[in-house]
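The values are calculated or read from the model by the stated rules, or taken from the named source; none is laboratory data. A quick note: this is a predicted structure, and the numbers were derived from the prediction, not measured. Cβ placement follows ideal geometry from the backbone for every residue including glycine, while neighbour counts extend to all protein chains displayed. For accessibility, only protein heavy atoms count, side chains too; no ligands or nucleic acids. Shrake-Rupley method; radii C 1.70, N 1.55, O 1.52, S 1.80 Å.
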Amino acid sequence: MVNAGDMNGSGNLMDFLDEPFPDVGTYEDFHTIDWLREKSRDTDRHRKITSKSKESIWEFIKSLLDAWSGWVVMLLIGLLAGTLAGVIDLAVDWMTDLKEGVCLSAFWYSHEQCCWTSNETTFDDRDKCPQWQKWSELLVSQSEGASAYILNYFLYIMWALCFAFLAVSLVRVFAPYACGSGIPEIKTILSGFIIRGYLGKWTLLIKTVTLVLVVSSGLSLGKEGPLVHVACCCGNFFSSLFSKYSKNEGKRREVLSAAAAAGVSVAFGAPIGGVLFSLEEVSYYFPLKTLWRSFFAALVAAFTLRSINPFGNSRLVLFYVEYHTPWYMAELFPFILLGVFGGLWGTLFIRCNIAWCRRRKTTRLGKYPVLEVIVITAITAIIAYPNPYTRRSTSELISELFNDCGALESSQLCDYINDPNMTRPLDDIPDRPAGPGVYTAMWQLALALVFKIVITIFTFGMKIPSGLFIPSMAVGAMAGRMVGIGVEQLAYHHHDWIIFRNWCRPGADCVTPGLYAMVGAAACLGGVTRMTVSLVVIMFELTGGLEYIVPLMAAAVTSKWVADAFGKEGIYEAHIHLNGYPFLDVKDEFTHRTLATDVMRPRRGEAPLSVLTQDSMTVEDVETLIKETDYNGFPVVVSKDSERLIGFAQRRELILAIKNARQRQDGVVSNSIVYFTEDPPELPPNSPHPLKLRRILNLSPFTVTDHTPMETVVDIFRKLGLRQCLVTRSGRLLGIITKKDVLRHMAQMANQDPESIMFN
């Protein structure tokens, strides 16, 4: 292509890569990758390496390094993701406690760490030690009374506002892509869409810092979803260091799928759940090789986090629990009821949150993201402080709700009336009547539940990092704990009822309220995200209880059925549609009886299709066509009259090829003939040097006939990850169908606005 002697290319599909010019094969921002071409390029690259490896020892070593590079990338992702998760956990722990007080012996210690190191801490007052002082004690030397309470209240709000303002300012100024959960965009990127900068170094840095700030501010959000985004940023960074991944967008997405698994692994301390989450919820293309590598990345990430031991209890998460009481068949009814609640909560949350986010996009509200964050933070802090269940961090709240009441528990939830004659071992305490502390905790939990339900709707989607896993689990855990206490008291006071008679005798430990909290948490998380298998695995990895799989499965399936009855979309799919990302969901069914001819462009009355001819257009003609249109590529035909299809040329590669030829190839001018054939056309003697562009021509573009059912076309686009598909009849070109056309048609068939698909 670059000189006259090079005119006899072999002409196969990947011919133009033999001597590539700069930037060939790359994609522009907000465009979809061509999965087939990326796969073909990788096969071609692998074939070359294999054949070269037989030439010398050095080439053989290079081929081994290439084979091992995938595992090296996974190792690096696991190490960095685990380290960042550990640092985030430690920083959140300290900054959350900073809102209430400070450690005098070492200001960087959290409340718990401060009292661990104290020699004056007793078991009964393990949260109190002279080294830890509340702000009122430090500033006005008062720990009790109205003035101390008001001062602590005021400083709690000020710290929360300070953290939130700093977070939203950093996101706005340095990394606008660091906001939100990140999972909708990662799903879109993994389906083949390009969003430049979304997984960049600045996004990684700012998201990590601001995640600590927003979680510490006490807003109703979690760090689990954003940790998936952080891990994918790590994956993108390390894949850019290896040409195998940096030069192939398809291979890069295999790395990102594994990175998502590592993100969930460190978020929940659930390596297997992370792999299943990536497979079920996030990934678009997940070959068996990626499954093994995801498993390895998740293992390394979990091991790294375990080495850091951020919670000091040798566990990967704050709310790890172990139950010792079995569950009984009669309890399946309340578990299924919690599943129904989870499905209803999921539907309510998705509809209200999407309505609020749409309002944010379409009204003046969206122009004031900093003010919105400040107002929501102020409301959250003002309402949260008086209630002990909303004042603490959401992870601590879930931890307390999951906990089984042992003899040493000091929580209000464990304020039962003990029988003075009881002589049972400490870990086998029978069901007891509830004391005043439990009743106080019940109404505080009810208020906290209503508050969490409402405030989470407005918090998720603001211009700060915000995860949804933890708030959803908190809503379910609160509802579940209240149901659990209700069932426990019912069984205690009415043990002679027929449903309790067989399994709950007086003096027995029948009902575990913490188990109901766990089942409720799974149900609500399932209702919002529509996860099933990965959710159950994550929950049992959290609790270490294999025997509770059936209650968890019952709740997860029920919540999905109930939520699906009101709408098939989970929260992430709903946000993908709201943002107009070109995401073709594998779960969507297309059942309409339309044909390719109904969807293809051009339609009746529209201008004819812009095409290139194989040997009759000049460089100037091609440049004019590129300038006057904004299409991503052009079909190449024999001539305008015959319109017999030859191949397809990408716009970006045409521009680069012509620019490169003008710089390097003598004699190429505006009226040079451009030809895509093997041999140059016959030209008059004094005509300028022709330009051969066969190397950039895709000689096997995907084609369908005009009578192909759209059901088949949609399936082809889904399974092969196509950008576009040409429509022919008897070899003659009729039109083109792009991914955007397919999405618009599907939206139209579902009575939605087809123009909501914003991107190319």
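Ordering Ile485, Ile549 by how much accessible area each has at a 1.4 Å probe, largest first, what is the list? Please list the in-between numbers first.
Values: Ile485 5, Ile549 45 Å².
So, going from the largest accessible area down, we get Ile549, Ile485.
I need the shape label for region 594-748. Rule: rounded when a/c is under 1.5, else prolate if a/b > b/c, else oblate, with a, b, c from the alpha carbon gyration tensor.
Judged from the Cα gyration tensor, region 594-748 comes out prolate (a/c at least 1.5, a/b above b/c).
Per residue, how big is the convex hull of region 93-306 when only Cα atoms are used? Give it in Å³.
Taking the convex hull of the Cα positions in region 93-306, it is 144 Å³ per residue.
Would you grab the residues whose amide H sits under 5 Å from the one on Gly647? Only those 5+ places off in sequence or on another chain, please, with H modelled 1.01 Å from N.
So Gly647 has HN proximity to Val636.
Just to be sure I understand: of the beta bridges DSSP finds with both ends in region 594-748, what percent are antiparallel, rounded to 5?
The answer is about 70 percent antiparallel.
Over the chain, what is the relative contact order in whole percent, taking alpha-carbon pairs under 8 Å and six or more residues apart?
Values: 1354 pairs, mean separation 123.2, N = 760.
Contact order relative to length: 16 percent.
In whole Hz, with x marking every Gly and Pro, tabulate ³J(HN,Hα) for region 81-92 from phi via Karplus 6.51 cos²θ - 1.76 cosθ + 1.60, θ = phi - 60°.
Per residue, the Karplus-derived 3J(HN,Hα) values read 4, x, 5, 4, 5, x, 5, 4, 4, 5, 5, 4 Hz.
Taking region 552-615, which trypsin sites (Lys or Arg not before Pro) meet the DSSP loop condition and have no more than 11 other C-beta atoms within 10 Å?
In loop regions of region 552-615 (DSSP not H, G, I, E or B), the sparsely surrounded trypsin sites (Lys or Arg not before Pro) are Lys587, Arg593, Arg603, Arg604.
Could you state the accessible area per residue of region 594-748 in Å², with a 1.4 Å probe and every protein chain left in place?
On a per-residue basis, 47 Å².
What is the set of long-range amide H partners of Leu734 at a cut-off below 5 Å, with H atoms built 1.01 Å from backbone N?
Val727, Thr728, Arg729
Just round it to a whole percent: the fraction of Cα-Cα distances in the chain exceeding 49 Å.
28
Output the 0 to 90 degree angle, nearest 10, between the alpha-carbon long axis of helix 224-239 and the longest principal axis computed from the alpha carbons of the chain.
Between helix and principal axis, roughly 40 degrees.
If each residue of separation counts as 0.36 nm, what is the full-extension length gain between Ser610 and Arg306 once their alpha-carbon separation is subtracted?
Computed gain between Ser610 and Arg306 is 103.6 nm.
Relative contact order for region 619-685 using alpha-carbon pairs under 8 Å, separation at least 6, rounded to a whole percent?
Value for region 619-685: 30 percent.
Between helix 288-308 and the chain, what is the angle of the helix's C-alpha long axis to the longest principal axis, kept within 0 to 90° and rounded to the nearest 10?
In the chain, helix 288-308 runs at an angle near 40 degrees to the longest axis.
Normalising by the residue count of region 161-273, find the relative contact order in percent from Cα pairs under 8 Å and 6+ residues apart.
Numbers: 136 pairs, mean separation 31.3, N = 113.
Across region 161-273, relative contact order equals 28 percent.
Rounded to the nearest whole Å², what accessible area per residue is found for region 205-320 with the 1.4 Å probe? Kindly include the intermediate steps, with their values, before the conclusion.
On the way: 3280 Å² over 116 residues.
Per-residue accessible area for region 205-320 comes out at 28 Å².
Post the alpha-carbon centroid distance, region 159-182 to region 299-374, in whole angstrom.
21
Return the whole-Å distance between the Cα centroid of region 711-727 and the Cα centroid of region 454-490.
Rounded to whole Å, the Cα centres lie 40 Å apart.
How far apart, in nanometres, would the label points at Trp443 and Asp588 be if each is projected 7 angstrom from Cα along the Cα-to-Cβ direction?
Here the modelled spin labels are 5.0 nm apart.
So, with a 1.4 angstrom probe, what is the percent of accessible area on region 139-258 that is carbon and sulfur?
Heavy-atom surface of region 139-258 belonging to carbon and sulfur, 1.4 Å probe: 69 percent.
What angle, in degrees between 0 and 90 and rounded to the nearest 10, separates the Cα long axis of helix 35-52 from the longest principal axis of the Cα atoms of the chain?
Compared with the principal axis, the helix lies near 80 degrees.
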